[in-house]
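The values are calculated or read from the model by the stated rules, or taken from the named source; none is laboratory data. This one's a predicted model, so the numbers in the text were calculated from it and none came from an experiment. Neighbour counts run over all protein chains shown; Cβ positions are idealised from the backbone, glycine included. Note: accessible area is taken over every heavy atom of the protein model, side chains too, but ligands, DNA and RNA are not part of it. Shrake-Rupley method; radii C 1.70, N 1.55, O 1.52, S 1.80 Å.
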Amino acid sequence: RFSTQDMSLDGADFMKTAVYAERDYQSSPIELRWDYEAMVWLQDNVKGSPVVLEAHHDQYRWSSRIADYTGLPTVIGWPWHQIQQRMKYNGAVRERASHVREIYTTTDIKRALELLRQYEVEYVVIGQLETVYYPLEGLKKFDEMVQAGWARVVYSNEGTLIYRAQWYN
């Protein structure tokens, strides 16, 4: 899917120049370098194992990239892996996927906060992928949360924002 011109032992190195097109969506190509820089920031600055919210979609997509490349837990990881390993809890896995979608899409801040608290989310990623998957109206609420003191922006570059929870206080 990506160029193999500059081979490296660093499994994330390809992101510095790779561009990803999300099939089934009429969107601009996603420059992976912005996610790469955000992932490096998370690796360098986050202590412990706080939960991160990131886009969720079917397998073999760019979703689950934060979990995959940082090792940090997310609300839900790669869908088939989660269902395959937790077949008995198939319904709970699907519910988490639905909740991730709801958190990103709802314009109801109270409902979003309820779900963010339920999953103990400490960081929220809004990258190019999230802007492809989820409507702008739903994503705007995170800036409203900053204005209300519920969150703060801890990282930003041209393509990715990371918000940190203030909703536990």
Over region 30-167, calculate the relative contact order: mean separation of alpha carbon pairs under 8 Å at least 6 apart, over the residue count, as a percent.
28
Of Leu115, Val52, Ala165, farthest towards positive along the dipole that unit charges on Lys, Arg, Asp, Glu beta carbons give the chain:
Leu115
Considering only DSSP beta bridges whose two residues both sit in the chain, what percent are antiparallel, to the nearest 5?
75
Carbon plus sulfur fraction of accessible area for the chain, probe 1.4 Å, in percent:
46
Förster radius 45 Å - calculated FRET efficiency between Val40 and Glu95 (Cβ-Cβ, nearest 0.05)
0.90
What's the angle, to the nearest 10 degrees (0 to 90), between helix 32-45's Cα axis and the longest principal axis of the chain?
60
How big is the accessible area of Lys16 in square angstrom, nearest 10, if you roll a 1.4 angstrom probe over the protein chains?
100
Most fluctuating of Tyr69, Tyr104, Tyr36 in the GNM of the chain (C-alpha, under 10 Å) is Tyr69
For the chain, the per residue accessible area (1.4 Å probe, Å²) is 56
Once the convex hull of the C-alpha atoms of region 59-169 is built, how many Å³ does it hold per residue, rounded to a whole number?
107
Please work out how much length the chain gains when fully extended from Gln84 to Glu137, using 0.36 nm per residue of separation minus the C-alpha to C-alpha distance, in nm with one decimal.
15.7 nm
